[in-house]
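S.K.: My structure is below; once you've seen it, I'll send some questions.
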Amino acid sequence: MQKRATEEADLLETLSFIAPLPAPLQNRVNEEVVTESFSRKHLLLRPGETARRLYFIRNGFLRAYFIDENGKECTTWFMGKGDLMISVYSFFTQKPAHEYIEVLQDCKLQSISWQQLNAYYADFPQGNLLGRIVIQKYYIMSEERAIFLRTQTPNLRYEKLHEQHPDIEQQTSQNNIASYLGISRETLSRIRRKKMQMCHKTQNRQDSSPVFN
């Protein structure tokens, strides 16, 4: 059953979709998970800091980005309700990050620490399975994004982003969207304008269609 938009995502329910969790592991997560609220523009991570916590988004919208050699922001991830948000390299290696993690909309997050996650690996076979699946998921997502940027046209990139995040226009700025798509703000404006014109033409054709009783 699909959840209503006002409902918050549930950490244990999401993890259980990835791999079935035994009751003792669920109880441990419930006891140790930290729930916090953060306001828009808050930075959960900065370059040079080490990612110590794995975040689950109960509600809200976040992005990861880095600053290139020209001082330009390059958005690498958008994550919303029900997603796990981490700096993959920094969290799993426990080395300093190269990116920022920014809150784009007021959010409620649940998190566990790197130490807690590794204790789950040691104490529960299902914890190991869960960790492996999460790492595989983010590796695949990273590969897909790299291929996506190299092989797809800007128009197709924009369409794909809207499939993944239908409310993206209300959730973040056009500059952030353009940087994620690897295009200029001007190119994004042309794509959006063309899409709106096509929508208007489609709507006009529908409105002018004869109605038969």
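The values are calculated or read from the model by the stated rules, or taken from the named source; none is laboratory data. What you are looking at is a predicted structure, and each value in this text was computed from that prediction instead of being measured. Note: ideal-geometry Cβ built from the backbone for every residue, glycine included; neighbour counts use all protein chains shown. These area figures cover heavy atoms from the full protein model, side chains too; ligands, DNA and RNA do not enter into them. Shrake-Rupley method; radii C 1.70, N 1.55, O 1.52, S 1.80 Å.
S.K.: With the checklist (1) more than 22 Å from GLY131 (Cα to Cα); (2) at pLDDT below 95 in hand, flag the one item GLY48 doesn't pass.
M.R.: Only one criterion is unmet by GLY48, namely (2).
S.K.: When you go through GLU159, GLU169, GLU143, GLU186 one by one, which is the residue that is surrounded by fewer than 18 Cβ atoms within 10 Å (Cβ to Cβ), at pLDDT below 90 and in a helix (DSSP H, G or I)?
M.R.: Sole residue among the options that is surrounded by fewer than 18 Cβ atoms within 10 Å (Cβ to Cβ), at pLDDT below 90 and in a helix (DSSP H, G or I): GLU143.
Okay, residues lined up against (1) buried (at least 16 other Cβ atoms within 10 Å of the Cβ); (2) among the β-branched types (Val, Ile, Thr); (3) within 30 Å of HIS162 (Cβ to Cβ):
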position	(1), (2), (3)
GLU8	no, no, yes
GLU31	no, no, no
GLY48	no, no, no
TYR65	yes, no, yes
ASP68	no, no, yes
THR75	yes, yes, yes
GLY82	yes, no, yes
SER90	yes, no, yes
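S.K.: Exactly one condition in (1) under 16 Å from the mean Cα position of the chain (by Cα); (2) open to solvent by 40 Å² or more (accessible area, probe 1.4 Å) is not met by TYR55; state its number.
M.R.: Here TYR55 clears every test but (2).
S.K.: Taking only the range 95-108 into account, find how many residues are under 14 Å from LEU45 (Cα atoms) and open to solvent by less than 40 Å² (accessible area, probe 1.4 Å).
M.R.: Here the count works out to 6.
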